[in-house]
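Every number in this text was worked out from the coordinates using simple rules, so none of it is lab data. Keep in mind the model is a prediction, meaning the values are calculated, not measured. Cβ coordinates were reconstructed from backbone atoms using ideal geometry, including for glycine residues, and neighbour counts include every protein chain displayed.
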Amino acid sequence: MSAILIRGGRLIDPAAGIDAPHDLLLEQGIVAAVGAPGELDAAARERHATVIEAAGRVVAPGFIDIHVHLREPGQAYKETIASGTRAAAAGGFTTVCAMPNTTPVNDSPEITRWMQAPERNAAIRVLPIAAATRGSMGEQLTDYAALKKAGAVAISDDGKPILGDAIMRDALALGARVGLPVIQHAENTDCTHGASMNLGALSFRLGLRGMSVEAESSIVARDIALLATMRDTPAHLHVAHLSTAAALDAVRRAKGEGLRVTCEVAPHHFTLTEQAVGDYDTHAKMNPPLRSEQDRMALIAGLADGTVDAIATDHAPHAPHEKEQEFERTPNGITGLETALGLSLQTLHQEHKIPLARIVELLTSGPARVLNLTQCGSLVKGRPADLVLFSPDETWTYATSHSLSKNSPFLGWTLPGRIHATIVAGRVLDPEKSLGA
Amino acid sequence: MKISANQPAAAASSQQTSSSFSWHPGSAISIGHFSLPDVDRILARAAKLEAMPVPRRAKLLQKRRVALLFYESSTRTRTSFELAAKSLGADTVLVSALSSSIEKGESLKDTGLTLRALGAECIILRHPNSGAPFLLARETGLPVLNAGDGMHEHPSQALLDLRTILSRIGRAQHTRPVARVPIDEKTLAGVTVTITGDILHSRVARSNALLLPRLGAQVVLCGPPELLPEMAADIGPGVSIERDFERALARSQVAMMLRIQKERLAGLQLDLARYIERYRLNGERLRRFAPEALVMHPGPMIRGLEITSDVADGPQSAITEQVHHGVAVRMALLARALGATAARSHRAATKARPA
């Protein structure tokens, strides 16, 4: 693999505290040098490096999505690891963490290893998140130590919350012992039966059963209370796809009290509100549901002030026949990998003036810290050469997808932030081309 | 409707208009899609069709094909739509969930496309899922008449309820024919309509609460919190909540009673005996608190539960008149759905059909 010089770009590496013009020399799949503009030209010539001109572009660590559904094993008609990682690369991601609600559930080291095997033909790095309980049934803990050894980076029963107090405490305790965070899908399913959107005046008018704010915030509060009894352990709770102001406030208070709680927010939750359900648009149905404008504004404030640790897409591909059903029957979720940067730039940067460096942090070092991914999320010398080049102001239209599924409410949207290249371990993936298929 | 319509604004937007035409304009899906002039035209047409000589009326939709697609059971609505279609000369075919390929798992989309391929020009849909008529209308391009979708709406019921109210109170003054009452924002000024019972699960309540206030009426929703959440008052202007049935009755010109939908009560803790004690409309309550009020019920009613027989069969009751008005209103909706514009788009749909 020949060396690559990335010249003339604006390097934003929040973990290293850099937001300035810098050149990068990549060699052997790692960052060989970071230097002032022009400083690396001689070294690059010496190594016959390929030169990528990055003038006017942002050079950032490759994005990390700690919440995706790649649907393999078992649901390859929705997505495969190959197709999902190509969609990820098109969106500037170089690492994705795959949730375990596959068929069968990823609750074993065998499946965890299977997902990472070269035969899956992943375009970027795939880090599995393993089930917290056998079959994600919420009853019997899986073998966290063995799962970690097989490559799992976190534990979660995503889609199925861990409701029992005792089993949640045990999960946090075992996670603490082996050094894995527990990711909770916070939903009190006892009170969300049949719910398909946010509970409120709009759900009443549409005649749809609603999911209350408390269904989320009560579980977050319960989990935080459990964590507070475990201060002497390194137990770490991560709240997945947080969607309400009330739950965000609970996380903010817990952080203030020094508890090890982190949270992520999805682009659709900070971009859209429940109004997007419109005339029962199934591309506006996900869990947690789109919320009120007040919740949306609270999430944006949390993204700005540091309460939110990461932007995560909850990329959830579904086949057309599944989304062409009655609203209440259609499965939850939308795809999100290809639009995460565009929506973040449009909503957070352009409309709400959150600095570009903070947005890059939420997509790189933020998620890396959540899951303790020490090799990802920064471009200091010696780290893997995982990076993305994009023009923050250049617009593009979301017309085609690399995902096997097209269930996005953002198809047809024109967004800022054109991705020019995604580089994984020094290998250049051009989103305009086949992405290394 | 796609939410991509006008993004950046869509991000913060709170209002999405319901005037998207991704479905056939002859459809009747939500009462909110009808302007007051639309309502006026429909009621005028209903009166005209009702007064028309039967042989002439039977030529209006002669041999046009209307499908009744019923995923839920129904007596009134189904028969009413069927008689309305037949009296305009249309051929009707009934497809019900239990005796069709729906039972084998065929999707709503495929069922709709199949009916279209068989020549259906209009589909009347009753479905247990809210919003199902939008899906059917989008996928088939045919005019879809919503005969009740989940807990969402029942627009033809609201129109026939309005016709019933106008025939008995308001500017009609019991003398002039219904068609002469002009529909505008003052037509029901000073009229209070109390809707009592299982508001939460009622598509009739929603359609009426969205329609009647636009004509100047006050709509009072009445019932216990389990069946009437506070947020119901936010459905639109002119709608309020009164938990005390007798207080609500005392200010009402119309008392509309709803059935307790036992099949939808799973999980709700409702004390039926207490409900009957507080909310049943009986003769004594009616005499004491609303001796002049019109009594309505969309049916099916459970005598002895929400209403007693003396009231249901009494002089203040308009319950059978409601059923009667249903046929005229549904004739008007069918004529509108299959009118001149609809014929054009039917040809377009036929052309678009794969060979």
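Counting Lys +1, Arg +1, Asp -1, Glu -1, what net charge surrounds B:E292 among other residues with beta carbon under 13 Å of its beta carbon?
Values: positive: B:R168, B:R251, B:R287, B:R288; negative: none.
Net charge in that neighbourhood comes out at +4.
Quick one: work out the % antiparallel among DSSP beta bridges in the protein assembly as shown, nearest 5.
Among the beta bridges of the protein assembly as shown, antiparallel pairing accounts for roughly 30 percent.
Label points 7 Å out from Cα along the Cβ direction at B:D110 and A:A36: separation in nm?
The two pseudo-label positions are separated by 6.9 nm.
Report the per residue volume, in Å³, of the convex hull enclosing the C-alpha atoms of the protein assembly as shown.
169 Å³
Per-residue mean of other chain beta-carbon atoms within 10 angstrom of the beta-carbon, peptide A:275-286?
For this peptide, the per-residue mean of nearby foreign Cβ atoms is 6.
Report the semi-axes of the equivalent ellipsoid for region B:27-132 in whole Å, largest first, where each axis is √(5λ) for an eigenvalue λ of the Cα gyration tensor.
They are 26, 18, 12 Å, listed from largest to smallest.
Considering only C-alpha atoms, what is the centroid distance from region A:6-34 to region A:269-292, in Å?
Comparing the Cα centres of region A:6-34 and region A:269-292, I get a distance of 38 Å.
Give the calculated FRET efficiency between B:T79 and B:E321 to the nearest 0.05, with a Förster radius of 22 Å applied to their Cβ-Cβ distance.
Once rounded, the FRET efficiency stands at 0.85.
Which GluC sites (Glu not before Pro) from region A:112-209 combine a DSSP loop assignment with at most 14 other Cβ atoms within 10 Å? Could the numbers behind the result be given before it?
Working: sites: A:E119, A:E139, A:E187; in loops: A:E139, A:E187.
For GluC sites (Glu not before Pro) across region A:112-209 that sit outside H, G, I, E and B with at most 14 neighbouring Cβ atoms in 10 Å, the list reads A:E139.
Helix A:81-90 versus the longest principal axis of chain A: what angle, 0 to 90°, nearest 10, using Cα atoms?
That helix lies at roughly 60 degrees to the long axis.
Give the Kirkwood hydrodynamic radius (Å, one decimal) of chain B, defined as one over the mean of 1/r across all pairs of different Cα atoms.
21.1 Å
Let's see if you can work this out: charge +1 on each Lys and Arg Cβ, -1 on each Asp and Glu Cβ, no other charges. What is the dipole magnitude of the protein assembly as shown about its Cα centre, in debye to the nearest 20?
2920 debye
Can you work out the PRE-style zone for A:V51? Point 7 Å along Cα to Cβ, and I want the residues of region A:1-25 with backbone N under 12 Å.
What the label zone holds, given the 12 Å backbone N cut-off, is A:5-8.
Could you work out how far apart the two model spin labels at A:D143 and B:K262 are, taking each label as a point 7 Å from the Cα in the direction of the beta carbon, and quote it in nm?
5.4 nm
Give, as a single signed number, the net charge of other residues whose beta carbon lies under 12 Å from the beta carbon of B:N282, with Lys and Arg counted +1 and Asp and Glu -1. Don't skip to the answer; put the middle values down first.
Details: positive: B:R278, B:R280, B:R285, B:R287, B:R288, B:R303; negative: B:E246, B:E277, B:E284, B:E306, B:D310.
Here the charged neighbours net out to +1.
Taking 8 Å as the Cα distance limit and 6 or more residues as the minimum spacing, I'd like the relative contact order of chain A as a percentage.
On the way: 1096 pairs, mean separation 87.0, N = 437.
Relative CO of chain A lands at 20 percent.
Taking the Cα atoms only, what angle lies between the long axis of helix A:293-305 and the longest principal axis of chain A, rounded to 10 degrees?
For A:293-305 against chain A, the angle is about 40 degrees.
In nm², what is the average projected area of the convex hull enclosing the Cα atoms of region A:244-328? Walk me through the intermediate numbers first.
Details: hull surface 23.9 nm².
Computed as one quarter of the Cα hull surface, the answer is 6.0 nm².
Structure shown: which of A:K323/B:K109; A:K78/A:K160; A:K285/B:K109; A:K78/B:K109; A:K406/B:K109; B:K63/B:K109 lie over 22 Å apart, alpha-carbon to alpha-carbon?
B:K63/B:K109
Using a Gaussian network model of chain A whose springs link C-alpha atoms within less than 10 Å, name the residue from A:A340, A:A173, A:A310 with the highest mean-square fluctuation.
Sorting by GNM fluctuation, first place goes to A:A173.
Using helices alone, what [θ] at 222 nm do you get for the protein assembly as shown, with -39,500 (n - 2.57) per DSSP H run of 4 or more residues, divided over all residues and rounded to the nearest 500?
Computed mean residue ellipticity for the protein assembly as shown: -9000 deg cm²/dmol.
Taking the 0 to 90 degree range and rounding to the nearest ten, how far is the long axis of helix A:213-228 tilted relative to the main principal axis of chain A, both from C-alpha atoms?
In chain A, helix A:213-228 runs at an angle near 80 degrees to the longest axis.
Give the relative contact order (percent, whole number) for chain B; include only Cα pairs under 8 Å separated by 6+ residues.
19 percent
For A:196-209, what's the mean count of beta carbons from other chains sitting within 10 Å of each residue's beta carbon?
6
Obtain the nm distance between the two label points defined at A:R113 and A:L163 by a simple spin-label model: each point lies 7 Å from its Cα along the Cα-to-C-beta direction.
Distance between label points: 3.6 nm.
Pop the C-beta distance of B:S99 and A:K406 into the FRET formula with R0 = 45 Å and round what comes out to the nearest 0.05.
For B:S99 and A:K406, the calculated efficiency is 0.80.
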